[in-house]
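> I have a structure here, written as structure tokens, and I will follow up with some questions on it.
Readers should treat all values here as calculations from the given coordinates under stated rules, not as data from a laboratory. Model, not experiment: these values are computed from the prediction. In this analysis, Cβ positions are derived from the backbone assuming ideal geometry, glycine residues included, and neighbour counts consider all displayed protein chains.
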Amino acid sequence: MTEFLRIENLVKSFGATTVVKSVNLSFNAGEFVTLLGPSGCGKTTILRMVAGFERPTSGSITVEGRDITDLAPNQRQIGMVFQAYALFPNMNVGDNIGFGLKIAGKSRDEIKSRTEEMLKLIGLPGYEKRYPYEMSGGQQQRVALARAIAPRPRMLLLDEPLSALDAKIRVSLREEIRAIQRELGITTLFVTHDQEEALSISDRVVVMNAGNVEQVGEPFEIYNKPATRFVAQFVGTLNTIEATVASTADNTVSIDGQIVKLSALPAGASNGNPIALTLRPEVMTVGTRPDADITLNGTVEEAHFLGSVIRLSISLGRTVLNIDTFNDQRTAPPARGDHVKISIASKDLLILGA
Amino acid sequence: MKRSKLWAWITFGVAVAYFLVPLLATFEFSLRIRRGTYSLDAYASVFSDPRFQATFGYSLLVGLFAIIVGIFIVVPAAYFVRLRAPHLRPLIEFVTLLPLIIPPIILVFGYIRLYNTSSILPLTGSTFGTDILLVLAYVALALPYMYRAVDTGLRTIDVQTLTEAATILGANQMVILARVIFPNIIVAVLSGAFLTLAIVIGEFTIASLLNRPAFGPYLQNVGANRAFEPAALAVISFVITWGAMGMIQLLSRFAPKTAALTD
């Protein structure tokens, strides 16, 4: 794959606060990359620097080998979709979509045919004469997407475009965005704080925290092999167990008094040392399981019925584990106060670094 | 009827009477030019007076130019303050309020002193120059109203996001102002324009001291020399001002709507 966008040693400070701290990233042509992180992690600032709305304090941004760091936003040939739709209220849908083409000096016929093509692409043919206020939020955001891609930009930036929409439309629209991106093959940078959104539509995810890149990888890798404690905790739900090393000789740890044998202990561990173990809610089973080599005893504290999934909070003593089990219509879920066995495969345990 | 409600109506009635009785009295007086009968002769006399037409036309024209110049100054200024220098807003608001604090008499003497025939820019040396000075004086006089109207209009739209959306699509600042920002605050701008017109039409001090044939000095002149016509002119002035206010209300219905339908 050819490299399309390169971000090198990018730093952005606002006064004494540095919000982006020497970030290095590289994106391939046609890739859908998501910047994921909590509020204030610097993801939107990076996107805005790529768009040209913020000037980096230092570092460079190159697109196809050309340095665009100091290029004005209207010279970058980049399309962008905003969280607040940002459709021009005084223009109808047709004029909104054709705005970029008009600025580029395209002929009236070309604008008309491209607008129609875009409206077909977003599933709103015949909506040219409608005004933004006559449309729902989801429809407005689709028009905003069409407006962004109508002038055939080299790259598409999506700044939390689904945040203002309700849950159902958010899911359907993100799938539409991904389908359109695949169809056009346009390199796309997507910013979100919603990990499910990031994991479901991205080729690669960049997890950010406090201005730093924590991990870059494919969604499967980010979820299953988190590189840092932050990634493990931010992406998906994670149980953290504070255990104590019982014996380094036979790799055992004590979890609230229950002795558990691990496949390995971290280097430098010694008897009595505290150790943090993490595991996802879905890797634990209530009851027995043939491939599980660890069994813990606990008491059900809460059982939350979420439809297809039942989330159980099971107390081991001081430690409380959240466990997801599929809803089985034939079996009643464990009730509060039930004593249960929890089965875990030791390979599913993550021993986190810092 | 509840006691509190009764007092509310009494207060309202007193306020309405305070406002309407002098107006009705003026109107009634304006109809009494003929002894023993009501007639519109005073109005006919005013409308047929060539000085009325000339001065009213002149003030209208000066008002129009004041509006155009005001729009060209205020809209970009308010837009850039909102977009790039929001911290300067209190300062700008203070500056725009100055014409309300400084009496027009001070303003016009300042102008005469600054732009007299022996100054670098001798605007008062010619009729055309004085007309320009009058227009600029009215721009300053209407600044508090025009700025506030435009600023209120800008508050109703997401200036920054709309600007960024247009910029990323290739537009420059001029195009953004003309095609995106201005059409979305046109109603607010027109409100400011009608307020400007209402001020300009009746303004006396500046026009009189600059010796221009405006409607304000004409009103004063007629008031000093006639009996019934000034009453008719006062009513006409009120109708013009109310007409301007009514236009503001009417135009607000055509403001571009920004909200989305609920899903």
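> Pop a pseudo-label 7 angstrom from the Cα along the beta-carbon direction at both A:His339 and A:Ala104 and give the gap in nm to one decimal.
Roughly 7.2 nm, to one decimal.
> To test your reading of the geometry: what angle, between 0 and 90 degrees and rounded to tens, separates the Cα axis of helix A:93-103 from the longest principal axis of chain A?
Taking Cα atoms only, the helix is inclined about 70 degrees.
> Cα centroid distance between region B:181-197 and region B:1-80, in Å?
So the separation of the two Cα centres works out to 21 Å.
> Rank B:Val180, A:Ile111, A:Pro132 by how far each Cα sits towards the positive end of the charge dipole of the protein assembly as shown (+1 on Lys, Arg Cβ; -1 on Asp, Glu Cβ) and give me just the farthest.
Of the candidates, B:Val180 comes out farthest on the positive side.
> Sticking with this structure for a sec: If the limit is 29 Å between Cα atoms, which of A:Lys120/A:Lys225; A:Lys43/A:Lys168; A:Lys225/A:Lys261; A:Lys43/A:Lys106; A:Lys102/A:Lys168; A:Lys12/A:Lys106 go over it?
Table pairs above 29 Å Cα-Cα are A:Lys120/A:Lys225; A:Lys43/A:Lys106; A:Lys102/A:Lys168; A:Lys12/A:Lys106.
> Next up: Gap in Å between the Cα centre of region A:2-26 and the Cα centre of region A:54-106?
Comparing the Cα centres of region A:54-106 and region A:2-26, I get a distance of 20 Å.
> Moving on to the next point. Which of B:Phe72, B:Gly170, B:Leu100 sits closest to the plus end of the dipole of region B:49-260, meaning its Cα is farthest towards the positive end, when Lys and Arg get +1 and Asp and Glu get -1 on the C-beta?
B:Gly170
> Report the calculated FRET efficiency for A:Val320 and A:Ser26 (r = Cβ-Cβ distance, R0 = 35 Å), to the nearest 0.05.
With R0 = 35 Å, the Cβ-Cβ based efficiency is 0.25.
> Please determine, in degrees from 0 to 90 and to the nearest 10, the orientation of helix A:137-149 with respect to the longest principal axis defined by the Cα atoms of chain A, where the helix direction is its Cα long axis.
Taking the Cα atoms of chain A, the angle to A:137-149 is about 60 degrees.
> Is there a quick way to get the dipole size of region B:1-75? I mean about its Cα centre, with the Cβ of Lys and Arg at +1 and of Asp and Glu at -1; what is the value in debye to the nearest 20?
460
> Round to a whole angstrom and tell me the spacing of the C-alpha centers of region A:127-142 and region A:228-282.
52
> Looking only at trypsin sites (Lys or Arg not before Pro) in DSSP loops with at most 14 other Cβ atoms within 10 Å, what is the longest site-free stretch of chain A?
It runs A:130-317.
> So if each residue of separation counts as 0.36 nm, and I subtract the Cα-Cα distance between A:Glu183 and A:Thr295, what length gain in nm does that give?
Result for the pair: 35.5 nm of gain on full extension.
> Rounded to the nearest 0.05, what FRET efficiency do B:Asn211 and B:Val239 have when you use their Cβ-Cβ distance and R0 = 25 Å?
Once rounded, the FRET efficiency stands at 0.35.
> What net charge is computed for the residues neighbouring A:Thr240, neighbours being all others with C-beta under 13 Å from the C-beta of A:Thr240, Lys and Arg scored +1, Asp and Glu -1?
That sum, taken over residues with Cβ under 13 Å, equals +2.
> Of A:Thr187, A:Leu165, A:Ala150, which is farthest on the positive side of the dipole of chain A, counting Cα position, with +1 on Lys and Arg Cβ, -1 on Asp and Glu Cβ, and the Cα centre as origin?
Farthest along the dipole direction, towards plus: A:Ala150.
> Could you give the dipole magnitude of region A:269-354 about its Cα centre, charging the beta-carbon of Lys and Arg +1 and that of Asp and Glu -1, in debye to the nearest 20?
80
> For the residue pair A:Arg55 and B:Ser45, what label-to-label distance in nm results when each label sits 7 Å from Cα along the Cα-to-beta-carbon direction?
If labels sit at A:Arg55 and B:Ser45, their model points lie 6.9 nm apart.
> For region A:239-348, what Kirkwood radius comes out of the mean inverse Cα-Cα distance, in Å?
14.6
> Report, in degrees rounded to the nearest 10, the 0 to 90 angle that the Cα long axis of helix A:167-184 makes with the longest principal axis of chain A.
The helix A:167-184 is inclined about 60 degrees to chain A.
> What nm value, rounded to one decimal, do you get for the distance between A:Glu117 and B:Asn225 when each label is placed 7 Å out toward the C-beta?
Taking the simple label geometry, A:Glu117 and B:Asn225 are separated by 7.3 nm.
> Suppose every Lys and Arg Cβ carries +1 and every Asp and Glu Cβ carries -1, with no other charges. What dipole size does chain B come out with about its Cα centre, to the nearest 20 debye?
I would put it at about 560 debye.
> Provide the FRET efficiency to the nearest 0.05 for the B:Ser119-B:Arg3 pair, computing r from the beta carbons and using R0 = 51 Å.
0.20
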